[in-house]
Structures are given as C-alpha cells and as structure tokens.
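Below: the structure, in structure tokens.
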Amino acid sequence: MPKGSDTEIQGLLELANRGDREARDRLLDHACDRLLRLTRSMLAGFPSVHRWETTDDVCVKAMMRLHRTLDSVKPESVRHFFNLAGTQVRRELLDLKKHYFGPLGLGRNHHTDEQPSDEAGGTIAGAAEPEDADDLARWGALHEQVEKLPEELREVFNLHFYEDLPLQDVATLLGISLSTTKRRWQEARIRLHDELGGTT
C-alpha cells in the first residue's frame with residue numbers, strides 16, 4: 001500500500017479519532033505530500049503573500065493549525081480531512097495577508113532600494129505592488145467569503161478554484177454528477193458575487 005493512500009489515511013483517521021496521538025502525527029506525516037500540493041495550489045491564489053512566504057513555510061504553519069483543530073474536530077473520511085486541511089491553509093494565508101499588508105505590514109512598508117527611510121527619500125515597496133490596495137482588499141474579501149459558503153458549495157469551489165481541478169474531475173472525486181457540480185460551482189460564484197457587491 002503506497003504511503004499516503006486513501007486507505008492508509010482512513011485507517012489513521014479512525015485511530016486518531018479514538019484519541020491515538022501517535023496516529024495523528026502519522027496521519028499528518030502520511031498526508032504531507034498531498035497537503036504540500038494543496039498549499040502550493042492555494043498559495044498561487046494569494047500572489048501578494050507568495051512574494052514573502054514559501055510553500056513549505058505556509059504548509060508547516062497550516063499543518064500546525066490542522067493538528068490543533070483535530071483536538072476538537074474528528075473528520076469522518078479522507079475527503080472531510082482534506083476539506084478541513086484546505087480550510088486551515090486558507091485561514092493561514094488570510095492571516096499572512098493581513099500580517100504583510102496591514103497598516104504596519106512589511107509588505108506595505110519595506111524599502112525597495114538602499115536609500116534611508118521614506119521621509120528621507122526612500123521608496124516604499126507597497127507603492128510598487130502589482131495589486132493596488134483596493135485590489136488586495138477585494139481579493140482578501142473573496143477568500144474570507146469562501147469560508148462562509150455552505151459546505152457543499154465550498155467543497156466544489158475549493159477543488160475547482162484553488163486546486164484547479166476540471167469540473168469533471170471534481171464531480172468524479174465527490175461522487176456527484178457533472179451537472180450537479182456545475183450547478184454548485186455556479187451557485188458559489190453567484191453567492192460570492194452578491195456578497196462582494198458585484199466585484200467578482
């Protein structure tokens with residue numbers, strides 16, 4: 001059985017849900033490669049964070065969140081486990097965006113040249129960001145609203161938008177029809193569009 005297979009992860013999930021701490025550690029170890037791929041895909045959707053954080057760093061932080069979350073949440077399936085993992089990755093990315101691009105964030109205030117502080121003529125890097133402040137705010141709001149989608153819509157959105165899976169593959173993975181998958185994708189987009197005031 002290959003390491004990280006669904007069968008092995010499911011077995012470790014069942015042990016972890018019964019309170020086996022060693023099984024929880026092994027669960028994260030066995031799922032590491034898939035969590036890393038998930039993080040890499042989701043990080044691509046946060047270009048402003050990608051400038052400052054590597055995939056490995058974000059993945060480690062998200063796995064620490066996931067480890068803590070497993071104290072109170074007991075995933076029933078491999079599918080549920082990776083949905084939960086995706087949520088932790090997105091929350092970590094949102095926190096990092098706030099960290100770097102808040103009022104005192106490094107992304108807004110670091111200098112791109114070797115000049116002294118801005119008051120003395122230095123250039124603030126934030127002014128040269130490819131996304132302006134409004135774009136960053138809208139982008140952050142999008143990811144925050146994804147958290148509020150109903151689970152069946154959020155699951156389709158995660159797989160298609162963040163992991164870039166074709167809708168047919170999403171349907172196969174979730175065990176639902178392609179038409180249902182398309183309907184959920186469209187409904188998720190409509191909800192996000194409405195919540196964001198028509199800016200998506």
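The values are calculated or read from the model by the stated rules, or taken from the named source; none is laboratory data. Every value quoted in this text rests on a predicted model; they were computed, and no experiment measured them. Here the Cβ is made from the backbone with ideal geometry for all residues, glycine too, and neighbour counts use every protein chain on show.
At-a-glance table
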| read-out | value |
| --- | --- |
| Top-ranked residue in the stretch 32-59 [being of a type in the set (A, V, I, L, M) and at pLDDT 90 or above; ranked as surrounded by the fewest Cβ atoms within 10 Å (Cβ to Cβ)] | 36 |
| Helices (runs of 4 or more DSSP H) within the stretch 140-196 that include 1 or more residues farther than 20 Å from residue 89 by Cα and either in contact with a Leu (Cβ under 6 Å, 6 or more places away or on another chain) or in contact (Cβ under 8 Å) with a residue 24 or more places away in the chain (or both) | 167-174, 178-195 |
| Within the stretch 15-31, tally of residues that are loosely packed, with under 15 Cβ neighbours inside 10 Å and part of a helix (DSSP H, G or I) | 4 |
| Count of the stretch 33-77 residues which are in a helix (DSSP H, G or I) and either among the β-branched types (Val, Ile, Thr) or out of contact with any helix residue (DSSP H, G or I) (no Cβ under 8 Å at 6 or more places or on another chain) (or both) | 12 |
| Residue count for the stretch 5-46, restricted to those that are farther than 27 Å from residue 143 by Cβ and under 20 Å from the mean Cα position of the chain (by Cα) | 2 |
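Here is a yes/no grid of residues against (1) in contact (Cβ under 8 Å) with a residue 12 or more places away in the chain; (2) aliphatic (A, V, I, L, M); (3) more than 22 Å from residue 155 (Cβ to Cβ):
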site: 13; (1), (2), (3): yes, yes, no
site: 18; (1), (2), (3): no, no, yes
site: 22; (1), (2), (3): no, no, yes
site: 29; (1), (2), (3): no, no, yes
site: 34; (1), (2), (3): yes, no, no
site: 55; (1), (2), (3): yes, no, yes
site: 59; (1), (2), (3): yes, no, no
site: 78; (1), (2), (3): yes, yes, no
site: 84; (1), (2), (3): yes, yes, no
